[in-house]
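To keep things clear, I will list the structure first and then write my remarks on it.
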Amino acid sequence: MHQPSQSARPSLYYNYQVFKPWLPSAHGPQDKKKVVIVGAGPAGMVTALELARHGVASVVLAADLQFSQGSRAIVFTRRSMEILQQVGVAHRITENGLPWHCGNSIYRGQKVFRMETPQDPDDRFAPMINIQQQYLEEYLHDACKAHPLIDFRWGNKWTQAEQHDDGVKALIDTPEGPYTLETEWLIAADGGRSEIRSQMNLKLEGASFESIFVIADIRIDLPYPTERLAFFDPDWNRGNTILMHREPHGIWRVDYQLPPGETPEEALRPESLKHRIDAQLKMIGFEGTPWEMDWSSVYSARTLTLPKYVHQRIVFTGDAAHLLPIFGVRGANTAFQDAQSLGWHLAYVVKGIAPEKLMQNHSTERVGAAREIITEAGKSTRFMAPPSRGFRLLRDAVLSLSLTQEFVRPLYHWRTSRPHAYSHSELNSPFHETETIKDGLALGAPPQNVQFAKDNFLLDHLGGGFDLVYLAHEGVIPTEIQAATDLAKQHGIPLQLHAVTQQEDTVDGADVTLFDPENRFAARYGIATGGAYLFRPDQHICARWSQFNAAQLVQSLKKALMQ
């Protein structure tokens, strides 16, 4: 019988709530569900909210009775915020988080590299924003509880699954005993130590690095701005790396690499933590400044992924599907992109809009994204924590030269997480216009935002289904375009026609009129009047025309749905 802890987790800044468990005796026999999501972390909850946004109900199973302990994921990228905007929580993060755009690399007390992430007036969100994971989970949970299509069950622990041709039968344990839950699809969002992955004997592919890092969250008053600080080869931790991040509520994250041979148990002893943190504070000039420990943990850098994420009717997502190093803020940010992709692919299969083989496309695209991240993250990891003597010699040579030679300093760049471009996706339109649209966005590319007015951006309007964004002629939608979009809708394809115009009047025949007085969309997307882009439900581009071809629209949509 599953008995999750009833004691609220300790924290200096967050008031943990212990929720009541969902008990089977209070709800009677269970009918077969469309989707069951095992795991109530960010990956699981964003998946549930994405499915609900596309009209598909789900059950979310949380083994515990409260949100996760410690700050965990704290840095969220602009693209993550655009995804979180879609599920209704971005505004709460911007209200309470700390935005930033600069990172500093420090060696021998000298700032040898400063990375500044570009900011554009067309972007609604800052490049990065810091907030502790408990708050993110709280905001996502509030959104889940408010949605009638999401059944959230605290204190329900997955124990076993049995696959059939048309679904999965899962055994769920609760504080009053087990019950059986049948579902058409089961989502494994149960984290890096996924029990579902272990039970299915699925192996991750890639590399694990031997270096171990300690995460320590401390409450301290330091007069630094919200910028990433990376210290290389400091006197108190020679050959290793220390990272610092400011968090809300006076909390600072300190990550430091352990010397070879020290065990996690030794590193997490209070006296060891105090000695290391005091040494770091002394190095930056704040010896004797009072501080309190909030939470600590250890991690090692891993670049691993399952070779496929869809196994009949069980789908892996987030850390259950891949384990990525935190350097470059890749963990949760990659999970949000997984969830966004999974949400629309699975919803369209469940609703009969697309065949089941569309799920294999989700797997192919997201495995490709994970492998790209692994390649990039591996470079960062080998610089932050050299895995061999040869890599250490190269890294140390860069450190030494960077004190006097500017040309080597960009090697400190930490390759920040970025959204994957599905350049070779099977869903991309067969109609290419590489010559006529030279400065626009390529097929498969993630979107770029456009600001139309003070609080009105392009991505505020996209993502409910497929979106055709057309640069309108004098406030008019040509008859053939109207006919083509109507035909697509008659085929049951969720499609909205957005007319971008420099005139304030509503464009007849358009579902949405976007008033763009400065013609910013045309400039950013590299098209002129009469051109158009077709966006997938995850806002990635699947077709584009310098001059819209109505005859190609339905064919492009069918290609994007594998029909």
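To the nearest 20 debye, what is the magnitude of the charge dipole of segment 439-544 about its Cα centre, counting +1 on the Cβ of each Lys and Arg and -1 on the Cβ of each Asp and Glu?
Dipole of segment 439-544, to the nearest 20 debye: 380 debye.
Need one number: % antiparallel among DSSP beta bridges in the chain, to the nearest 5.
Once the DSSP bridges in the chain are tallied, antiparallel ones form about 70 percent.
At what distance in angstrom do the alpha carbon centres of segment 302-318 and segment 498-563 lie from each other?
For segment 302-318 versus segment 498-563, the Cα centre distance is 34 Å.
Compare the Cα positions of 529, 541, 457 along the charge dipole of segment 451-560 (+1 at Cβ of Lys, Arg; -1 at Cβ of Asp, Glu; about the Cα centre) and return the one farthest towards the positive end.
541
Ordered by packing density, taken as the mean number of other Cβ atoms within 10 Å over each peptide's residues, highest first, how do 82-92, 422-432 rank?
82-92, 422-432
Hull surface divided by four, with the convex hull built on the Cα atoms of segment 451-560: how many nm²?
So the mean shadow area of the Cα hull is 6.1 nm².
Could you give the length gained by full extension between residue 120 and residue 278, i.e. 0.36 nm per residue of separation minus their alpha carbon distance, to one decimal place?
53.0 nm
As I understand it, the dipole of the chain uses +1 on the Cβ of Lys and Arg and -1 on the Cβ of Asp and Glu, about the Cα centre. Which of 494, 46, 107 lies farthest toward its positive end?
107
Restricting to Cα pairs below 8 Å that are 6+ residues apart, what does the relative contact order work out to for segment 8-98? Please round to a whole percent.
Across segment 8-98, relative contact order equals 28 percent.
When a/c reaches 1.5 or more, the comparison of a/b and b/c decides; with that in mind, is segment 1-59 rounded, prolate or oblate per its Cα gyration tensor?
In terms of gyration-tensor shape, oblate.
Starting from the eigenvalues of the Cα gyration tensor, five times each then square-rooted, give me the equivalent ellipsoid semi-axes of the chain, largest first, whole Å.
Semi-axis lengths for the chain are 40, 32, 21 Å.
Quick one: go through segment 285-327 and flag any residue whose amide nitrogen is under 20 Å from the point 7 Å out along the Cα-to-Cβ line of residue 269.
Flagged as within label range: 293-299.
Classify segment 6-98 as rounded, prolate or oblate, taking a ≥ b ≥ c as the square roots of the eigenvalues of its Cα gyration tensor: rounded when a/c is under 1.5, otherwise prolate if a/b is larger than b/c and oblate if not.
Since a/c reaches 1.5 but b/c is at least a/b, the shape of segment 6-98 is classed as oblate.
Rounded to the nearest 0.05, what FRET efficiency do residue 289 and residue 453 have when you use their Cβ-Cβ distance and R0 = 60 Å?
0.85
Based on DSSP, what percent of beta bridges with both residues in segment 451-560 are antiparallel, to the nearest 5?
50
Compute the FRET efficiency between residue 1 and residue 298 as 1/(1 + (r/R0)^6), taking r as their Cβ-Cβ distance and R0 = 45 Å, and round to the nearest 0.05.
That gives a FRET efficiency of 0.90.
Relative to the longest principal Cα axis of the chain, at what angle does helix 389-402 sit, 0 to 90 degrees, rounded to 10?
The helix 389-402 is inclined about 90 degrees to the chain.
Taking the 0 to 90 degree range and rounding to the nearest ten, how far is the long axis of helix 479-490 tilted relative to the main principal axis of the chain, both from C-alpha atoms?
So the inclination is approximately 70 degrees.
Expressed as an acute angle from 0 to 90° and rounded to the nearest 10, what is the orientation of the C-alpha long axis of helix 550-560 relative to the principal long axis of the chain?
Around 40 degrees separate the two axes.
Report Rg (one decimal) and Dmax (nearest whole number) for segment 205-337, counting Cα atoms only, units Å.
For segment 205-337, the Cα-based Rg and Dmax read 17.0, 58 Å.
Once every DSSP H run of n ≥ 4 in the chain is given -39500 (n - 2.57) and the sum is divided by its residues, what mean residue ellipticity at 222 nm do you get, rounded to the nearest 500 deg cm²/dmol?
-8500 deg cm²/dmol
Could you work out how far the C-alpha centroid of segment 187-249 sits from that of segment 55-117, in angstrom?
Between the Cα centres of segment 187-249 and segment 55-117 lies a distance of 14 Å.
Once both labels are modelled 7 Å past Cα along the beta-carbon direction, what's the residue 220-residue 404 spacing in nm?
3.3
How many nm is it between the label spots at residue 511 and residue 30, if each spot is 7 Å from the Cα in line with the beta carbon?
For residue 511 paired with residue 30, the spin-label model returns 3.5 nm.
Given Cα pairs under 8 Å that are at least 6 residues apart, what percent is the relative contact order of the chain?
It comes to 14 percent, rounded to a whole number.
All of the numbers you see were taken from the coordinates with simple rules; none came from a lab. This is a predicted model, so every value here is computed, not measured. Cβ atoms come from the backbone with ideal geometry, glycine included; neighbour counts cover every protein chain shown.
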